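The values are calculated or read from the model by the stated rules, or taken from the named source; none is laboratory data. Every value quoted in this text rests on a predicted model; they were computed, and no experiment measured them. All Cβ positions, glycine included, derive from the backbone under ideal geometry; neighbour counts span all protein chains shown. Calculation scope for accessible area: heavy atoms of the full protein, side chains included, ligands and nucleic acids excluded. Shrake-Rupley method; radii C 1.70, N 1.55, O 1.52, S 1.80 Å.
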Amino acid sequence: MRENIGFIGLGLLGMPVATNLLQAGYALTVYNRTPEKAEPLVAQGALQVVRPADTVTTGGIVVTLVWDDEALEDVVKSEDFLERLGIGGIHVSMSTVSPDTGRKLADLHARHGSVYVEAPIFGRPEAAAARQLWIPIAGPKEAKERVRPMLDAMGAKGIFDFGEEAGSAVIIKLIGNFLIVSAARSMEEALEE
């Protein structure tokens, strides 16, 4: 039986990723700062809640796909979030944040008995809808093994393991983003000649 997944962040990328999970048979409990964005998922069977902690099942899995470091920290430090996640709980952060934020949040989770796994996404919303995402991942081995089927269901075409140290997967994502922007800028300059 598939686990119930908490999902926080239903923006341009979060929506197709969450939709893929629903279509793969996962039960979702969803939260978004703008509640109306959850309506398409609720129509497909997701349960919508009014605060981040309400997406969390003790010992379960919660996914965040939010805009930046501040938004991610706001979720993690929100009332009851870490307390509810508890022993054996896994937080999968799919946001591109700084390595320092990843390390800080991994430590915070560990103090509450839960685990922080990084899994930032390479791919735009249309790639998510087409199940063509590339995902670097970092975190404790057992937690990565537990969330891998969920990442596959989200639309991962490839999952690349960068070890257990927090910050490792987001470093790869940041390097990738730099290379993509550099290549685009170089081509732009070459075509202007």
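Any chance you could give the angle, 0 to 90 degrees and rounded to 10, that helix 168-192 forms with the longest Cα principal axis of the chain?
Taking the Cα atoms of the chain, the angle to 168-192 is about 30 degrees.
Using each residue's phi in region 116-130, evaluate 6.51 cos²θ - 1.76 cosθ + 1.60 at θ = phi - 60° and report the 3J(HN,Hα) Karplus result to the nearest Hz, with x for Gly and Pro.
10, 10, 8, 8, x, 9, 9, x, 8, x, 5, 5, 4, 4, 8
Quick one: if you stick a label point 7 Å off each Cα along the C-beta vector at Arg124 and Glu192, how many nm between them?
Simple spin-label model gives 2.1 nm for this pair.
Could you give the length gained on full extension between Asp152 and Asp100, defined as 0.36 nm per residue of separation minus the Cα-Cα distance, in nm?
Residue separation times 0.36 nm, minus the Cα-Cα distance, leaves 16.0 nm.
Which FRET efficiency value, to the nearest 0.05, is calculated for Ala183 and Glu36 with the Förster distance at 30 angstrom and r the Cβ-Cβ distance?
Working from the Cβ atoms, E equals 0.20.
I'd like the Karplus ³J(HN,Hα) series for region 53-65: coefficients 6.51, -1.76, 1.60, θ = phi - 60°, whole numbers in Hz, and an x wherever there's a Gly or Pro.
Here the 3J(HN,Hα) series is 4, 6, 7, 8, 10, 4, x, x, 10, 10, 10, 10, 9 Hz.
In region 1-137, if the dipole is taken from +1 on Lys/Arg beta carbons and -1 on Asp/Glu beta carbons about the Cα centre, which of Leu10, Val97, Gln44 is farthest to the positive end?
Gln44
Within region 44-69, find all residues whose amide N lies under 15 Å from a label point positioned 7 Å from the Cα of Glu79 along Cα-to-beta-carbon.
So the set is 50-55.
Measure nothing but the geometry: give the 0 to 90° angle between the long axis through the Cα atoms of 141-154 and the longest principal axis through the Cα atoms of the chain, rounded to 10°.
Around 70 degrees separate the two axes.
When the helix-only estimate is applied to the chain (DSSP H runs of n ≥ 4, each -39,500 (n - 2.57), divided by the residue count), what is the mean residue ellipticity at 222 nm, nearest 500 deg cm²/dmol?
-13000 deg cm²/dmol
Nearest 10 degrees, 0 to 90: what angle lies between the long axis of helix 14-23 and the longest principal axis of the chain (Cα atoms)?
Tilt relative to the chain: about 60 degrees.
So if I take the centroid of the Cα atoms in region 125-193 and the same for region 1-58, what is the distance between those two points in Å?
Result: 22 Å between the Cα centres.
Using amide H atoms built 1.01 Å from N in the peptide plane, name the residues 5+ places from Ala24, or on other chains, whose amide H lies under 5 Å from its own.
When sequence neighbours closer than 5 places are left aside, there are no close amide H contacts.
Taking only protein heavy atoms and a 1.4 Å probe, what accessible area per residue, in Å², does region 55-121 have with all protein chains in place?
Spelled out: the 1.4 Å probe surface of region 55-121, per residue, equals 38 Å².
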